[in-house]
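Okay, handing you the structure first.
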Amino acid sequence: MDGGRVEGYAAGSGGTAFGVWASVSRIDLENDETLASFDGDIWQGFVGAEAILNDRFTVGLAAGFEDSDFDTDFNGGEVEADGWSLTPYASVRLNDHWTGSALVSYTDLDYDVSNALTGTTGDFNGDRWIAAAELKGAYRMDSINLRPVIGWSHAWDSQDSYTDSAGTRISGNNIDVGRIYAGGEVGYAAGIVEPYLTGRLKFDYDEPGNVPVSATSSTSYDEFTAEVGVGLNIDLGDSLIFNLQGTYDSLGADDIDAWRAEGKIKLRF
């Protein structure tokens, strides 16, 4: 799913009773706006376990950790954040080709900030809620796999007020951003490997705040953007699957560049 990219198995995976998986990703961001320039990265990792209840329904729970580090060039400072998350999710196989899924995620975050212009530092807490839903298809024509997708996600970031090192009270911040996206993957099955192309058109119907301090609040400020990328699935048999993917996430954005690299491993038993 786009909101957090938590992905397990589609329901009905051959009658398998349980599955476990893990993923790690890195997002590199750079914003060239004169009064809000920044650059940095976000690391995210998840581990999950799920139960396939029958040939249609799957439920699961993921735990995650994220760490972000940004140089805020507009004030010569830094913004660092780290935190943990819990994400329950569920999916249902609607028919032979389409699966629907949904999740709710909570993240608890700790922030450290500095401002070279004022010579101040500070720290504060925050939390983030994400809700997301997705509809994903699967079609095969000879060796060609088509996986269309349409989805929605919404994130609510709340950052507490705090007192900086100079004794100045800094107000809290609330960031509210929603996204609708559509796209898919086109893959070529060649034995145990499947290289594929991926792409999505994204519409942000609420703009995020202007502070790059989390995975949600540092996204593009443009309403319409797109992402394109390449990936590789490796099926080693015995229900062990690897996935590698790289994407450019800010096609069409005026001032921001965003690159994402991620890897996943899935085991069914």
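Accessible area per residue for region 55-144 in Å², computed with a 1.4 Å probe and the full protein assembly in place, what is it?
In whole numbers, region 55-144 has 50 Å² accessible per residue.
Next question, about the same structure. Please list log₁₀ I(q)/I(0) at q = 0.07, 0.09 Å⁻¹ for the chain, using the Debye equation with identical point scatterers on the alpha-carbon positions.
-0.27, -0.44
I've got another one for you. Roughly speaking, to the nearest percent, how much of the chain's 1.4 Å accessible area is carbon and sulfur?
Whole-percent figure for carbon plus sulfur exposure: 59.
Could you check the spin-label model distance between Val104 and Leu35? Points 7 Å from the Cα along Cα→Cβ, value in nm.
According to this spin-label approximation, the distance is 3.9 nm.
Leaving out same-chain residues fewer than 8 places away, which lysines sit with a Cα under 25 Å from that of Lys202?
Lys136, Lys264
Pairs of Cα atoms under 8 Å, at least six residues apart: use those to get the relative contact order of the chain, whole percent.
Reported as a whole number, the value is 16 percent.
For the pair Asp127 and Ile170, what calculated FRET efficiency results from E = 1/(1 + (r/R0)^6), where r is the Cβ-Cβ distance and R0 = 22 Å, to the nearest 0.05?
The formula returns an efficiency of 0.80 here.
Then there is this: Tabulate in residue order the Karplus-calculated ³J(HN,Hα) for region 188-195, using 6.51 cos²θ - 1.76 cosθ + 1.60 with θ = phi - 60°, rounded to whole Hz; enter x for Gly and Pro.
Result, rounded to whole Hz: 10, 7, 9, x, 7, 10, 9, x.
Against the 2.2 N^0.38 Å scaling, with N counting residues, where does region 86-174 land? I'd like the Cα-based Rg ratio to two decimal places.
It is 1.75.
For Asn54 paired with Trp156, estimate the spin-label separation in nm (one decimal), with each label point 7 Å from Cα along the Cα-to-Cβ line.
3.4 nm
Classify region 14-110 as rounded, prolate or oblate, taking a ≥ b ≥ c as the square roots of the eigenvalues of its Cα gyration tensor: rounded when a/c is under 1.5, otherwise prolate if a/b is larger than b/c and oblate if not. Write down the numbers at each step before the final one.
Numbers: a/c = 3.66, a/b = 2.56, b/c = 1.43.
The shape class here is prolate.
Quick check: residue separation of Tyr188 and Ala17 times 0.36 nm, minus the Cα distance between them. What number comes out in nm? Please report the intermediate quantities before stating the final value.
Details: separation 171, 0.36 × 171 = 61.56 nm, distance 2.84 nm.
Result: 58.7 nm gained on full extension.
Using 0.36 nm per residue of separation minus the Cα-Cα distance, give me the extension gain between Asp82 and Asp112 in nm, one decimal.
9.9 nm
The values are calculated or read from the model by the stated rules, or taken from the named source; none is laboratory data. Model, not experiment: these values are computed from the prediction. Positions of Cβ are backbone-derived with ideal geometry, glycine not excepted, and every protein chain shown enters the neighbour counts. Keep in mind that these areas ignore ligands, DNA and RNA; they rest on the heavy atoms of the full protein, side chains included. Shrake-Rupley method; radii C 1.70, N 1.55, O 1.52, S 1.80 Å.
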